[in-house]
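Novice: Okay, handing you the structure first.
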Amino acid sequence: MASTEIKNFGIIGWPVGHSLSPKMYQAAFKSSGFPNYNYIAMPIQAGRLMLAVDGLKGLDFRGINVTIPHKTHIIKYLDSLDADARIIGAVNTVVNDGGMLTGYNTDVTGFLAALAEADFMPEDSNAVILGSGGAARAVLWGLCKRKAGYVTIGARNAEKAKNLAADFKRYGSIEGYDWLSEEFKENLKTADILINATPLGMYPDVISMPPVDLKLLPEGALVYDIVYNPAKTKLLAEAEKLGFPTLSGMSMLLLQGKESYRLFTGENPDVDIMWRILKQELKLK
């Protein structure tokens, strides 16, 4: 029996117009008997985040997803964090229980679930992460949870890469470098997996990609881009040309969305419906 209760959800970010989450969640709500659940995209500039959070509480939004550039900054406005979000230091899902806001990070859940579906086991692997922001923190924590053997972080800003490595040093063998440095390039040569956790290549700037020499990777290394729009980024297209197996961010988006939906509603969504919407919006067969 369909519920007549009205509840509001959404996603905040800047920009946020490219997000596929509204259509994905709206379809899932409808298929699960929640026709009066609403999910909208809300573009929020960085300097207005506190006002936005107060507004969401005032309007009694049940939950929101959080994307760039708010994943780390929103923490100071929340009442509590789950264990993953606390360690990662970034939040992508917020649940409102009567004005009490709890932050979660379902990116790590989606990242690991997508790897499992691709039959890649992070245990004892040599992994390379591109980026040092909130998404990179979730990816790094996922690799640490699964006991990766060695993790190299490469970023435009070497200091940020080194600081991120230092933050997680207690959980594994991790080093951070300038991604143009010779040390970073040497580590590419032994990588089992390369993960792009930057927004480079994301719509609308689809012609960009991180400045990484894919030819340095060993044969069979998995190239994983957590960007999902477009489904095949320039990085993945270049990797395919060189014969590397690839994984797009669509699986991570779907599987982190599944976990966020569960946190929002207490139920599991119709994943097939969500997947069909994603493929439809990205014009995939």
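The values are calculated or read from the model by the stated rules, or taken from the named source; none is laboratory data. Just so it is clear, the structure is predicted and the values come from calculations on it, not from any experiment. Ideal geometry is used to build each Cβ from the backbone, glycine not excepted, and the neighbour counts take in all protein chains shown.
Novice: Restricting segment 222-246 to residues that are surrounded by fewer than 21 Cβ atoms within 10 Å (Cβ to Cβ) and either aliphatic (A, V, I, L, M) or part of a helix (DSSP H, G or I) (or both), which is nearest to the chain's Cα centre (by Cα)?
Specialist: Looking at the filtered set, the residue picked out is Ala231.
Novice: Can you tell me which residues in segment 59-72 are under 16 Å from the mean Cα position of the chain (by Cα) and not β-branched (Val, Ile, Thr)?
Specialist: Of segment 59-72, the ones under 16 Å from the mean Cα position of the chain (by Cα) are 64-72.
Once the filter is applied, which keeps residues that are under 16 Å from the mean Cα position of the chain (by Cα) and not β-branched (Val, Ile, Thr), segment 59-72 yields Asn65, Pro69, His70, Lys71.
Each row is one residue, and each column tells you yes or no for (1) within 29 Å of Ala27 (Cα to Cα); (2) at pLDDT below 95; (3) not in a helix (DSSP H, G or I).
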residue	(1), (2), (3)
Glu186	no, no, no
Leu194	no, no, yes
Pro199	yes, yes, yes
Gly257	yes, no, no
Tyr261	yes, no, no
Lys283	yes, yes, yes
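Novice: Do we have any residue at all in segment 35-58 that's under 30 Å from Ile193 (Cα atoms) and either in contact (Cβ under 8 Å) with a residue 12 or more places away in the chain or in contact with a helix residue (DSSP H, G or I) (Cβ under 7 Å, 6 or more places away or on another chain) (or both)?
Specialist: Checked against the condition, which is being under 30 Å from Ile193 (Cα atoms) and either in contact (Cβ under 8 Å) with a residue 12 or more places away in the chain or in contact with a helix residue (DSSP H, G or I) (Cβ under 7 Å, 6 or more places away or on another chain) (or both), segment 35-58 yields no hits at all.
Novice: Give segment 200-213 a look and list any residue that's crowded, with 17+ Cβ neighbours inside 10 Å and within 14 Å of Gly154 (Cα to Cα), or say none.
Specialist: Result: Leu200, Met209, Pro210, Val212.
Novice: Using the structure shown, decide if Gly172 is out of contact with any Pro (no Cβ under 9 Å at 6 or more places or on another chain) and outside the structural domain of Tyr39 (by TED's automatic domain parsing).
Specialist: yes
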